[in-house]
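Read the structure below first, then the notes.
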Amino acid sequence: MNWFYIDESILSGDRRQGPLDTEELKALQTEGKISNETLVWHKGLDSWIPWKEALSKEEEKQKNDEEILKSTVEALLKERTKETKFYAGFFIRAAAIIIDFFIIAILWEIGSRILGAFSFVNLDLITQASSDFVQKYYESPLSTEMTGNFFNIPGMHILVLLWFVLQTIYFIFFNARFSGTPGKLLFHIKIENADGSSLGIAGAIRRYAFSLLTEATLIFYGIGYILAAIDPQKRALHDFFARTRVIHAPKSDSAK
């Protein structure tokens, strides 16, 4: 910026000196050639002002410029961090789901024994009927009657309902509260919406509902899950419908 100042040592004629930049004016003040009260001006000012006032405004402007630059850099770095996501692949997600189903199986076993203790189901009868079913399945795996025979096992519908209820509560609760199930958190991966936000209860319910569709593809070689192995963002079928992503998270984030 080009400054002009009034040289008070000149008694007549044009006393205006310049143009000089800010550092040159500071040097003149150090040398004692101008003072805080020396009148200065630059293009854009309505009138001449004391150097002290001009210097104060200049320092304030410089400070504001530095703050704007700092906030801009921080915003850009934050945005860059947001965009740098590492998506969790098929195998780590498969390992996580195995752990989750193992936990659900333990809960299901406990629940089944409680139901058996209160005579809601006959576990001995179900165990024997299940063994007979498995034997028939190996003898005729393509029989269209096998599914019906499975649910005709006395009390089996209660145990299937118990599994479904436990699975539903398990996935919705953990995904809504922690953005991931215990299996996922163990591997430091979490679920988020496509915009980077947390699922919340509505998102967890939506994702779980679509995950049932993915589970149904197991009869078609699990194509709904295999999609995660070929999609660039590692999305399974339910991720496409629910608009979610599974990403690697820092240990501090996954522990929240």
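The values are calculated or read from the model by the stated rules, or taken from the named source; none is laboratory data. Nothing here was measured: the structure is a model prediction, and the numbers come from that model. Cβ placement follows ideal geometry from the backbone for every residue including glycine, while neighbour counts extend to all protein chains displayed.
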query: If you check PHE164, PHE171, which single one turns out to be without any contact (Cβ under 8 Å) to a residue 12 or more places away in the chain, under 22 Å from GLU109 (Cα atoms), assigned to a helix (DSSP H, G or I) and not β-branched (Val, Ile, Thr)?
result: PHE164
task: Kindly list, by first and then second residue, each pair from a residue in the range 53-65 that is acidic (Asp, Glu) to a residue that is outside any helix (DSSP H, G or I), limited to pairs with Cβ atoms under 9 Å and residues at least 6 apart or on different chains.
output: GLU53/ASN36; GLU53/VAL40; GLU58/MET1
- prompt: Assuming GLU59 fulfils every condition listed in (1) modelled with pLDDT of 85 or more; (2) out of contact with any helix residue (DSSP H, G or I) (no Cβ under 9 Å at 6 or more places or on another chain) apart from one, which condition is it?
  reply: (1)
Qualifying positions in the range 147-182 - among the β-branched types (Val, Ile, Thr) and modelled with pLDDT under 95: THR147, ILE153, ILE158, VAL160
task: Run down LYS85, LYS70, LYS43, LYS52 and say which single residue is at pLDDT below 90 and outside any loop (DSSP other than H, G, I, E, B).
output: LYS70
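A quick yes/no check of all residues on (1) outside the structural domain of ARG235 (by TED's automatic domain parsing); (2) of a type in the set (Ser, Thr, Tyr); (3) surrounded by 10 or more Cβ atoms within 10 Å (Cβ to Cβ); (4) in contact with a Lys or Arg (Cβ under 7 Å, 6 or more places away or on another chain):
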position: GLU23; (1), (2), (3), (4): yes, no, no, no
position: GLU31; (1), (2), (3), (4): yes, no, no, no
position: THR38; (1), (2), (3), (4): yes, yes, yes, no
position: SER56; (1), (2), (3), (4): yes, yes, yes, no
position: LYS63; (1), (2), (3), (4): yes, no, yes, no
position: ILE68; (1), (2), (3), (4): yes, no, yes, no
